[in-house]
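Asks: Quick one: structure below, then a few questions.
A short reminder: the numbers here are calculations on the coordinates, not readings from a lab. Keep in mind that what you see is a predicted model, and the values were worked out from it rather than measured. Because the Cβ atoms are built from the backbone with ideal geometry, glycine has one as well, and the counts that use them run over all protein chains shown.
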Amino acid sequence: MNSYHKEATVGLLVLVAIVAFVLGAMWLRGQSWGNPPTLRVAYADIGNLKVGSPVLISGAVVGRVEELKFERLGRVLVVATYDGDLVTPTVNATATIRGVGMLGDMVIDLDPGSGAPLGEDTIIEGTLTPGLGEIGGELAAKASRSLRSTRCLIRRWCRICVARCSRRND
């Protein structure tokens, strides 16, 4: 092989490696191929939802969050893609954000509903269910109130005991 063929072979291998790297990175990120259908859902609060979070139906991944758009205080628009061969959202579809796991990861639970298919630019009003973080915070607040009440009862009991003991000593 002459020098030109060696250089061409090395150049071709470098190009193949770059293309494989880019395609592999896109695959690992879960980036969509082609132009899958989109679903637009408006939420008052999205919690810890991120771009790339999965969209689930009955626990199976059918799509992913592509974009989060802050519109105004109390309204965030979430754009998600889904597999149009597996699901067809309808006019009474619901989308609920819920927490999964201990680390605060969020997913969208999609119920495609039944009836007429959803219009292309229709926006669904979604809901957020409390995750482990919110439930833990509420539990901590209740525990704190219980501890305060217990301390108050113990102090009253101690005052009563001290008063009785002082009467006996008199």
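Asks: Across segment 1-77, how large is the tail of the calculated P(r) beyond 18 Å, expressed as a percent of all Cα pairs? Present the calculation step by step, with values, prior to reporting the outcome.
Replies: Values: 1792 of 2926 pairs.
Counting pairs separated by more than 18 Å, the tail of P(r) holds 61 percent.
Asks: Separate question: What does the convex hull of the alpha-carbon atoms of segment 40-91 project to on average, in nm²?
Replies: Details: hull surface 15.9 nm².
Orientation-averaged projected area of the Cα hull: 4.0 nm².
Asks: Given the rule -39500 (n - 2.57) for each run of at least 4 DSSP H residues, summed and divided by the residues of the chain, what is its mean residue ellipticity at 222 nm, to the nearest 500 deg cm²/dmol? Write down the numbers at each step before the final one.
Replies: Values: 2 runs with 65 residues, N = 170.
One gets -14000 deg cm²/dmol as the mean residue ellipticity at 222 nm.
Asks: Taking the Cα atoms only, what angle lies between the long axis of helix 3-29 and the longest principal axis of the chain, rounded to 10 degrees?
Replies: Roughly 30 degrees between the two axes.
Asks: Taking the alpha-carbon set of segment 113-168, what are its Rg and Dmax in Å?
Replies: 26.5, 84
Asks: Follow-up. For the pair A44 and C152, what calculated FRET efficiency results from E = 1/(1 + (r/R0)^6), where r is the Cβ-Cβ distance and R0 = 45 Å, to the nearest 0.05?
Replies: On the way: r = 37 Å, r/R0 = 0.83.
For C152 and A44, the calculated efficiency is 0.75.
Asks: Check V91: other-chain or 5+ apart residues with amide H under 5 Å from its amide H, H built from backbone geometry?
Replies: A116, L118
Asks: In addition: With point charges of +1 on the Cβ of Lys and Arg and -1 on the Cβ of Asp and Glu, referenced to the Cα centre of the chain, which listed residue (A42, A141, P89) lies farthest in the positive direction of the dipole?
Replies: Value computed over the given set: A141.
Asks: Using the crude model of +1 on Lys and Arg Cβ and -1 on Asp and Glu Cβ, and no other charge, please compute the dipole size for segment 1-136 relative to its Cα centre, in debye to 20.
Replies: Numbers: 9 positive and 14 negative charges, 75 e Å.
Magnitude of the dipole: close to 360 debye.
Asks: So, by mean Cβ neighbours within 10 angstrom, what's the order for 4-16, 91-103 with the highest one leading?
Replies: Values: 4-16: 9.9, 91-103: 15.8.
Descending packing order for the listed peptides: 91-103, 4-16.
Asks: Compute log10 of I(q)/I(0) for the chain with the Debye formula, placing one identical point scatterer on every Cα and leaving out solvent, at q = 0.18, 0.19 Å⁻¹, to two decimals.
Replies: Taken in order of the listed q values, log10 I(q)/I(0) reads -1.12, -1.19.
Asks: Suppose a student asked you for the relative contact order of the chain, using Cα pairs under 8 Å spaced at least 6 residues apart; what percent would you report?
Replies: Numbers: 237 pairs, mean separation 32.2, N = 170.
19 percent.
Asks: While we're looking at this one, here's another question. Please compute the contact order of segment 93-170 in relative form: average sequence separation of alpha-carbon pairs under 8 Å and at least six residues apart, divided by the residue count, as a percent.
Replies: Details: 60 pairs, mean separation 22.2, N = 78.
Relative contact order here is 28 percent.
Asks: Using the Cβ atoms and a cut-off under 12 Å, what net charge is assigned to the surroundings of E125, where Lys and Arg are +1 and Asp and Glu are -1? If you can, show how the numbers build up before the last one.
Replies: Numbers: positive: R40, R75; negative: none.
Charge balance near E125 sits at +2.
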